[in-house]
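Novice: If you scroll down you'll find the structure; I have some questions about it.
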Amino acid sequence: MSQPVRNTLAELREIRALAKLTLGGYPWLLPQTEIRSLESPLDIDREVRAPQGIGAIALGGEWWPVYCLSGDLRLLPQPPDSRGICALLDNGADRFGLLCDQVETLAETPRLLALPACMGLPDSPIQALAPLDEGLGCVTDTEHLAALLATLAEGADGH
Amino acid sequence: MATENPMESTAWMLALDDRLRAAVGEHELIHLIEAPTLLDVPLSPHYCRRAILWNDRLLPAMDLAAWLGGREQPAQPARKLAGVVAYQPRMGAAEYGVLLLSDIPARTRVSDTQACKLPEQPTGWRDLAISCFLDAEIPVPILDLPFIFSGGLLATR
């Protein structure tokens with residue numbers, strides 16, 4: 001799968017509202033428009049599984065595969081107890097659920113800073129960084145997460 | 001007959017850990033932060049997993065000892081200093097980065113007569129350094145900051 005194009009800082013600064021998805025203590029920031037809904041983990045059907053997913057949630061007559069990722073975006077086969085909410089992400093092309101510790105809307109768009117060139121591994125889904133009270137938030141989007149999930153699932157299947 | 005002194009310049013000697021030494025030019029080290037606040041950046045290379053907010057800029061904190069060792073080093077209480085360095089990329093204005101250090105840098109005078117070969121070990125010095133000089137019989141590589149901070153290390157291993 002080809003890697004999605006990294007947006008420029010100027011493009012990212014046009015995002016009106018960012019949502020903060022906390023994964024394993026790390027804040028990940030996504031465009032709020034890409035969060036279709038928030039669901040309870042109790043609604044995850046563990047019998048319906050996509051490769052490397054933990055189950056699926058039914059919404060709008062379709063199954064949405066649900067994944068659990070660590071703070072540094074490794075696939076977790078077993079969700080930690082802290083994961084209390086499932087964000088269903090939808091950008092029109094990619095649709096899946098992400099089990100999170102917390103999801104909240106940022107009242108103000110934080111200052112976005114470029115990821116330093118020496119920190120950007122080629123497949124990194126991080127498009128920018130944002131200083132928050134709890135550390136640096138990583139700005140990404142559904143497309144980059146979907147590409148990463150595809151790569152992770154491919155890697156897991158190959159071993 | 002008058003003799004000309006060999007060209008001399010000033011450098012900063014940097015302690016990358018308790019064993020590895022390197023140097024940068026006098027004007028390349030511009031600030032020292034004691035007990036820096038290091039901010040985690042997930043999915044970054046093992047030798048540059050943290051960043052520092054400094055003067056409204058986000059600077060990558062480079063652990064060159066970890067890069068030379070080829071693996072992430074455990075949390076190092078000894079690495080108590082952050083040296084802010086400035087470098088000139090090929091195009092554009094000066095840029096900044098941070099080198100994690102284990103001791104206060106020391107100034108030294110270096111002349112052309114001290115030039116020497118890079119140490120053979122660790123082998124990574126070939127990528128990090130532009131040249132080397134002898135200080136008290138010990139080779140001290142001079143760091144190639146534009147290469148290190150512009151992402152050059154990402155392609156080397």
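Novice: Inspect region B:15-35 for any residue being part of a loop (DSSP other than H, G, I, E, B), within 14 Å of chain A (Cβ to nearest Cβ) and among the acidic types (Asp, Glu) and give the result as yes or no.
Specialist: Taking every residue of region B:15-35 in turn, none turns out to be part of a loop (DSSP other than H, G, I, E, B), within 14 Å of chain A (Cβ to nearest Cβ) and among the acidic types (Asp, Glu).
Novice: Applying the selection to region A:1-60, what residues are in a strand (DSSP E or B) and either without any contact (Cβ under 8 Å) to a residue 12 or more places away in the chain or on the phi > 0 side of the Ramachandran plot (or both)?
Specialist: Across region A:1-60, the qualifying residue is only A:Gly55.
Novice: May I pose another question? Only one residue in B:Ser44, B:Ser9 is among the polar types (S, T, N, Q), at pLDDT 90 or above and surrounded by fewer than 15 Cβ atoms within 10 Å (Cβ to Cβ), so which one is that?
Specialist: Residue meeting the stated conditions: B:Ser9.
Novice: Evaluate the following for A:Glu104: is it within 24 Å of A:Asp43 (Cβ to Cβ) and either among the charged types (D, E, K, R) or within 8 Å of chain B (Cβ to nearest Cβ) (or both)?
Specialist: yes
Novice: Regarding region B:83-102, can at least one residue be identified that is away from chain A (no Cβ under 14 Å), at pLDDT 95 or above and touching a helix residue (DSSP H, G or I) at 6+ places or on another chain (Cβ under 7 Å)?
Specialist: No, region B:83-102 has no match at all.
Novice: Next up: Only one of these is farther than 26 Å from A:Leu12 by Cα and surrounded by fewer than 18 Cβ atoms within 10 Å (Cβ to Cβ): A:Gly61, A:Gly55, A:Gly92. Name it.
Specialist: A:Gly61
Novice: Oh, and also: Considering only residues that are touching a residue at least 12 places away in the same chain (Cβ under 8 Å), in a helix (DSSP H, G or I) and hydrophobic (A, V, I, L, M, F, W, C), look in region B:107-157 and name the one that is farthest from the other protein chains (Cβ to nearest Cβ).
Specialist: Filtering region B:107-157 for residues that are touching a residue at least 12 places away in the same chain (Cβ under 8 Å), in a helix (DSSP H, G or I) and hydrophobic (A, V, I, L, M, F, W, C), the one farthest from the other protein chains (Cβ to nearest Cβ) comes out as B:Trp125.
Novice: A further question follows. Just checking, which of A:Thr151, A:Thr140 is surrounded by 18 or more Cβ atoms within 10 Å (Cβ to Cβ) and within 13 Å of another protein chain (Cβ to nearest Cβ)?
Specialist: Exactly one residue qualifies, and that residue is A:Thr140.
The values are calculated or read from the model by the stated rules, or taken from the named source; none is laboratory data. Just so we're clear, the structure is a prediction, and the values are computed from it rather than from any experiment. Please note: Cβ atoms are built from the backbone with ideal geometry, for glycine as well, and neighbour counts cover all protein chains shown.
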